[in-house]
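The values are calculated or read from the model by the stated rules, or taken from the named source; none is laboratory data. Not measured: the values here are computed from a predicted model. Note: ideal-geometry Cβ built from the backbone for every residue, glycine included; neighbour counts use all protein chains shown.
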Amino acid sequence: MFKLGCSLIPQLEGSIREKTDLEVQTLIEIMAQNEYCVEIEQSEKGVLGVNENSIILASQTLMSKQIEALSKQVQAISIRQVQVQQIQQPQTKPTALEEALTIFIKLTQTNFQEIKSNQESV
């Protein structure tokens, strides 16, 4: 048996010329019925007539968007982790040169403030 659409067609062996008029008429009716069934099956898919390839393409597009969103989330988490690690890193003790420079800057600022206050009082 051979299936087209909804109905089964008896084995199609030999030429149509070898068939009787009744067999040819039956074959034509079955083929017409199958064409009708195909139209019904297509209309049952909905107004859009979505086929399997369209569904796969839509799924792929959706997954691509989800992957992109997840990638952004992972990147944001990575950035936060780096920031937290930078904050948590212990502060290194300043070198002797840095300490000397800090003291010099403080003394210089104090001296300038004293000079300024002396000028204002005069």
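Touching a Ser or Thr at 6+ places or on another chain (Cβ under 8 Å) and at pLDDT 75 or above, is that true of ASN53?
no
Quick check, is SER71 closer than 30 Å to VAL38 by Cα, out of contact with any His (no Cβ under 8 Å at 6 or more places or on another chain), outside any loop (DSSP other than H, G, I, E, B) and of a type outside the set (Phe, Trp, Tyr)? Outline the logic, then answer.
On the way: closer than 30 Å to VAL38 by Cα: no; out of contact with any His (no Cβ under 8 Å at 6 or more places or on another chain): yes; outside any loop (DSSP other than H, G, I, E, B): yes; of a type outside the set (Phe, Trp, Tyr): yes.
Considered against the rule, which asks whether it is closer than 30 Å to VAL38 by Cα, out of contact with any His (no Cβ under 8 Å at 6 or more places or on another chain), outside any loop (DSSP other than H, G, I, E, B) and of a type outside the set (Phe, Trp, Tyr), SER71 comes out as no.
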